[in-house]
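Participant: Pasting a structure below so you can have a look.
Derivation of every value follows stated rules applied to the coordinates shown; laboratory data play no part. Keep in mind that this is a model prediction, so the values were computed, not measured. All Cβ positions, even for glycine, are placed from backbone atoms using ideal geometry, and neighbour counts span all protein chains on display.
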């Protein structure tokens, strides 16, 4: 793929890096990343993917922008309140980098469509804000053999890890099944410092960029945790769970399901 | 430059007198990436920052800087041999 | 005996089990915490009578879900 003079200039700061170079930038331009959740994590992640020249970016979200989102969901602006997040974020990405193709996937991702959706992409980012979705994304990526970045934030703490098929634990290895409703606080109840979403979301984007460009050091088998109060990053080495229900040798989860969402009162 | 064996003839040329740093380096890097190891390229570049910075940058990339010749018109010809992969 | 908990060294009496540690460390929502000792998961940690030993490295993995509890 030939790079235009405009591309050479736009991506010059990447190309200068030995570890990326022209070859790496070409790989980014040919890459496809799906961002599920255009909110706190998805906003900065998707923006940096577009800035990096990831050729195709999918945005999946069923929500509309509301005022309380704007404290951290920086792909949206005040004028976007009431608009679908997918549309608002897509426009932000397209303005940032018209050379990137942004696919809009409006609506909540469900078990019925997630396998077809992830199949179209090279790497998936979990930017969702609820546990059933996180388990759904995990199961779909394990079943489809797609690498993905998992992350979560609450109050002043965040964490992330990267699933590489066949090479390390999946999210279910770590957490087995979703907790019941109300068992674990949500940001709406407990709060979250806005800039934390930027830190963790950008780390997710870095993982996707490193994957596409063929760089090493991905968080496979490692859970990176961050405490914004102490500014401490910690790394926890995590093993594959021997009898994991989805990625283990005798899986019982062979298809993604929304059962867990139904069980916890979706639509109440 | 001291008198030595004559410089090899380039198999490729590149003109970056229309670019400013760091784009000069980027374009040179791209051109070199398309060559085979051992191939020689002559790069026409402006006096000033490019002539001062490019030789060192390309050497750091693993290529061999064979010579820098003054064209007499404010530009230079930089002869570079692509390093091993 | 000295054990490391989330990277910090703590001293506990010999014979302390994983289940006791969850109580002593005042772990929040212990029913929903994943416990790993020396990079191995401990099943049903609240009921675990696995005895910790000097030099063991314990990690607690917490659910972090995001902005909303359920869909």
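Participant: I want the antiparallel fraction of DSSP beta bridges within the protein assembly as shown, as a percent rounded to 5.
Facilitator: So the antiparallel bridges in the protein assembly as shown amount to around 65 percent.
Participant: Also: Using only DSSP helix segments of four residues or longer, with each worth -39500 (n - 2.57), what per-residue ellipticity at 222 nm results for chain C after dividing by its residue count and rounding to 500?
Facilitator: About -2500 deg cm²/dmol.
Participant: Next question, about the same structure. Could you line up A:211, C:60 from fewest to most neighbouring Cβ atoms inside 10 Å?
Facilitator: Final ranking by Cβ density, sparse to dense: C:60, A:211.
Participant: For residue A:243 and residue A:78, what does the FRET efficiency come to when R0 = 56 Å and r is the distance between their Cβ atoms, rounded to the nearest 0.05?
Facilitator: With a Förster radius of 56 Å, E is 0.70.
Participant: For chain B, what is Rg from Cα atoms divided by 2.2 N^0.38 Å, rounded to two decimals?
Facilitator: Relative to the rule-of-thumb radius for its length, chain B sits at 1.00.
Participant: Can you compute the helix-only [θ] at 222 nm over chain A? Use -39500 (n - 2.57) per DSSP H run of at least 4 residues, normalise by all residues, nearest 500 deg cm²/dmol.
Facilitator: Value at 222 nm, helices only: -10500 deg cm²/dmol.
Participant: Another question, then. Assuming R0 = 51 Å, what is the FRET efficiency of residue C:39 and residue B:34, from their Cβ-Cβ distance, to the nearest 0.05?
Facilitator: About 0.65, to the nearest 0.05.
Participant: Counting DSSP beta bridges in chain B, what percent are antiparallel, to the nearest 5?
Facilitator: 75 percent
Participant: Just need log10 I(q)/I(0) for the protein assembly as shown at q = 0.06, 0.07, 0.08 Å⁻¹, Debye formula, equal scatterers on the alpha-carbon atoms, no solvent, rounded to two decimals.
Facilitator: With one equal scatterer per Cα and no solvent, log10 I(q)/I(0) is -0.33, -0.44, -0.55.
Participant: If you don't mind, another one. Rounded if a/c is under 1.5, else prolate if a/b is larger than b/c, else oblate: which is region C:2-61, with a ≥ b ≥ c the root eigenvalues of its Cα gyration tensor?
Facilitator: Cα axes put region C:2-61 in the rounded bin.
Participant: I've got another one for you. Given region A:11-263, what whole percent of its Cα pairs are spread farther than 32 Å?
Facilitator: In whole percent, the long-distance tail amounts to 16.
Participant: Right, next: Hey, how many Å between the Cα centroid of region A:219-234 and the Cα centroid of region B:21-63?
Facilitator: About 40 Å separates the Cα centre of region A:219-234 from the one of region B:21-63.
Participant: Further question: From other protein chains only, count the Cβ atoms within 10 Å of every residue's Cβ in A:146-155, then give the mean.
Facilitator: 2
Participant: What does the extension gain come out to for residue A:95 and residue A:255, with contour length at 0.36 nm per residue minus their alpha carbon separation?
Facilitator: That works out to 53.8 nm of additional length.
Participant: Which shape class applies to region A:169-242: rounded if a/c is under 1.5, otherwise prolate when a/b exceeds b/c and oblate if not, where a ≥ b ≥ c are the square roots of the Cα gyration tensor eigenvalues?
Facilitator: The shape class here is oblate.
Participant: Report for region A:11-263 the percent antiparallel among DSSP-assigned beta bridges with both residues inside it, nearest 5.
Facilitator: Close to 50 percent.
Participant: Can you compute the radius of gyration and Dmax for region A:75-217, using only the Cα atoms, both in Å?
Facilitator: Values for region A:75-217 (Cα only, Rg and Dmax): 15.7, 44 Å.
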